[in-house]
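A.B. asks: Quick one: the structure is below, and I'll ask about it shortly.
Every number here is computed from the coordinates shown, using simple stated rules; none is lab data. The structure displayed is predicted, hence computed values, not measured ones. Here the Cβ positions follow ideal geometry from the backbone for every residue, glycine too, while neighbour counts run over all protein chains shown.
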């Protein structure tokens, strides 16, 4: 099983910039309001990090595997005609 490396300061900063920029765009790109989006992005990322770190690794892996298996099962079912294709 792969272990996660701690996020570098640069990676965190980059993630924060992308999140703040997306929030700014959602609000219509208003001028002189960068702090609003930055602080909101900071809150959202802190909450997401807290939720991710509170889950045991096995649960996180199981959720990822379940999602992947569900996706594969859906494609197989579409391929053999059990359900209509989403395309």
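A.B. asks: Would you calculate the separation in nanometres between label points at residue 53 and residue 12, each defined as 7 Å from the Cα along the Cα-to-beta-carbon direction?
C.D. replies: 0.8
A.B. asks: With equal scatterers on the alpha carbons only and no solvent term, can you work out the Debye log10 of I(q)/I(0) for the range 11-54 at 0.34 1/Å?
C.D. replies: Per q value, in the given order, log10 I(q)/I(0) is -1.17.
A.B. asks: Among 16, 65, rank each residue by its count of other Cβ atoms within 10 Å, from fewest to most, as a rough exposure measure.
C.D. replies: Neighbour counts put them in this order, fewest first: 65, 16.
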